[in-house]
1. Can you give me the long-range amide H partners of GLY2? Hydrogens built in the peptide plane at 1.01 Å from N, cutoff under 5 Å, separation of 5 or more residues or another chain.
2. How far is the Cα center of region 1-16 from the Cα center of region 59-98, in Å?
3. Once you treat every alpha carbon in region 39-98 as an equal point and sum by Debye, what is log10 I(q)/I(0) at q = 0.22 Å⁻¹?
4. How high is the relative contact order of the chain, given as a whole-number percent (alpha carbon pairs under 8 Å, six or more residues apart)?
5. Pop out the ³J(HN,Hα) list for region 76-83 in order, Karplus 6.51 cos²θ - 1.76 cosθ + 1.60 with θ = phi - 60°, rounded to Hz; leave Gly and Pro as x.
6. Taking all pairs of distinct Cα atoms, average 1/r, flip it, and tell me the Kirkwood hydrodynamic radius of region 1-74 in Å to one decimal place.
7. With springs only between Cα atoms under 10 Å apart, run a GNM on the chain and tell me which of ILE69, ILE87, ILE46 wobbles the most.
8. For CYS49, what residues show an amide H to amide H distance below 5 Å, using hydrogens built from the backbone and excluding near sequence neighbours?
Amino acid sequence: MGTCDEIEDEVCRILTEKFDWQPAAVRYRLDFFLARSVRVTLSGNIHVCRDPNDDMVLECAMDSGAQAIVTGDKDLLVLDPYNGIRILTPTEFLALPA
C-alpha cells in the first residue's frame, strides 16, 4: 500500500469535516493503518483525471508500485486500468481470487 502527505491530509479533512471525527482520533487510526505502507513524495506530474484532485491518487499508486487502487470515486474508476494499475470498487476488489 502506498501513501503520501496529500492523500493523508485529504482523508483527515473528510473524516473531520464530513464525519465529525476528532483530528487526534483520525491521526491515531491513520498511523496504525499506514504503519507498513510505502511513503512517496509527489511531484505533481500526472494530469489525467476529470477531477484534478484525484491525480495525486494515481501518482501515489504509480510511485509506490501499487497493483490496484480501491475506490468508489467515479472519476478514478473510469480510468481502469491506468498504466497497468487496476482501479476497482471495494466490491470488485473483494471478489478477486485470493
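Every read-out reported here was derived from the displayed coordinates using simple, explicitly stated rules and does not represent laboratory data. Keep in mind the model is a prediction, meaning the values are calculated, not measured. Neighbour counts are summed over all protein chains in view; Cβ atoms, including those assigned to glycine, are modelled from backbone coordinates with ideal geometry.
1. VAL38
2. For region 1-16 versus region 59-98, the Cα centre distance is 17 Å.
3. Once normalised to I(0) and log-transformed, intensities are -0.86.
4. 25
5. After applying 6.51 cos²θ - 1.76 cosθ + 1.60, I find 8, 4, 5, 8, 5, x, 10, 6 Hz.
6. Values: mean 1/r = 0.0763 Å⁻¹.
That comes to 13.1 Å for region 1-74.
7. ILE46
8. Placed amide hydrogens put ASP55 under 5 Å from CYS49.
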